[in-house]
Amino acid sequence: MSKPAQAPPVKLIFSVFAPAAETINEAIGRLAALYGPPDFVSRQVPFDYTDYYSPEMGKTLARRFVSMERLIRPESLPDVKLATNAIEDEEMRDGRRQMNVDPGYLSAAHLILATGKGYTHRPYLRDGIYADLTLLYSGGAFRALPWTYPDYADEKQLAMLAAIRSRYLLQLRQERTETV
């Protein structure tokens, strides 16, 4: 019989995209006010993997990835998703989002994104939020799954996420050392 134990803390990450760099930076500031300072902010890159958001946000979008210094409990992911939804709602203009803020977390084993859309590979968490198993860490690298969004499967993103994972593992080791 397995004995239930609390899961280790996880690394909170965000993908933020918007038509304007200042909007992305504003979103990052709001996230920092809620979750503490970031320990990584990617350079700004074009978000051009899909035109899904074009009708709402325009054709030219930029994106930054952010990871937060403070680790979180994995079960708090629905709260984070609801908070990012609120940020998006507060910034709406004429019924259109000005930014998209997607939260998730990295653990040693995988990348989980939060979503409000259920599907076969997205188990329900609570409060209308589902967990999207986006990447697995296996054989020394992140691995895409059949349903992984193309932008998360991109080699540049995989390398960036692996670097964030390394930082996370170092944080876990430091936490264990400090509690001994």
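Derivation of every value follows stated rules applied to the coordinates shown; laboratory data play no part. From a predicted model like this one, the values you see are computed outputs, not experimental measurements. Cβ coordinates were reconstructed from backbone atoms using ideal geometry, including for glycine residues, and neighbour counts include every protein chain displayed.
Overview of values
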{"read-out": "Furthest towards positive pole of dipole, Thr148, Ala18, Gln98, structure part region 10-179, Cβ charges", "value": "Thr148"}
{"read-out": "Phe47 long-range amide H proximity, modeled H, under 5 Å", "value": "Leu61, Ala62, Arg63"}
{"read-out": "Ranked Asp151, Asp127, criterion: other C-beta atoms within 10 Å, fewest first", "value": "Asp127, Asp151"}
{"read-out": "Relative packing of 53-66, 102-115, 14-27, which averages over residues the other C-beta atoms within 10 Å, highest first", "value": "102-115, 14-27, 53-66"}
{"read-out": "Nearest 10 degrees, 0 to 90: helix 155-179 Cα axis against the chain principal axis", "value": "40"}
{"read-out": "Neighbour-limited loop hits for chymotrypsin sites (Phe, Trp or Tyr not before Pro), region 128-180 (at most 13 other Cβ within 10 Å; DSSP other than H, G, I, E, B)", "value": "Trp147"}
{"read-out": "Percent of alpha-carbon pairs separated by more than 27 Å within the chain", "value": "25"}
{"read-out": "Cβ-placed point charges (K, R +1; D, E -1), dipole of the chain about Cα centre in debye, nearest 20", "value": "600"}
